[in-house]
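What follows is a short report on a single structure.
The values are calculated or read from the model by the stated rules, or taken from the named source; none is laboratory data. Source: prediction; values computed, not measured. Note: ideal-geometry Cβ built from the backbone for every residue, glycine included; neighbour counts use all protein chains shown. For accessibility, only protein heavy atoms count, side chains too; no ligands or nucleic acids. Shrake-Rupley method; radii C 1.70, N 1.55, O 1.52, S 1.80 Å.
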Amino acid sequence: RWAGLEDLLNHCADQHVGVRILGSSALAITQVALGRAAAAVLRGYRVWDVAAAVALAASSGMAIRNWAGHPDPLPTNGLVVAAPDIIDTISAWFY
């Protein structure tokens, strides 16, 4: 578990937002890039495992932020990927 996970899940429940925990970080990001998920929030991953998915998300117009909440093209220690119009809302749930 990572700090903030419980807060994030509580906010999702309050907003009636479903949460899926996938076994693949790259798949989670790709789901956002393809419009099948609203956001991907990842704490632990290997950069080489997510680099292509992050590039796909960026080319699809998604916003990418590092764990501190700052725009970052390839975060190395936690990331949030979401559409630009909702990333601030999602980020506020745990930052």
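Scanning region 70-89 for residues that are open to solvent by 20 Å² or more (accessible area, probe 1.4 Å) and touching a residue at least 24 places away in the same chain (Cβ under 8 Å), we see that the one that is farthest from LEU34 (Cα to Cα) is THR76. Scanning region 38-64 for residues that are open to solvent by 20 Å² or more (accessible area, probe 1.4 Å) and closer than 21 Å to ASN10 by Cα yields a count of 6. The set of residues in region 26-70 that are in contact with a Gly (Cβ under 6 Å, 6 or more places away or on another chain) and either assigned to a strand (DSSP E or B) or of a type outside the set (A, V, I, L, M, F, W, C) (or both) contains only ARG43. Would you confirm, using the coordinates I've provided, whether ALA55 is modelled with pLDDT under 95 and hydrophobic (A, V, I, L, M, F, W, C)? Judged against the criteria, ALA55 is not a match.
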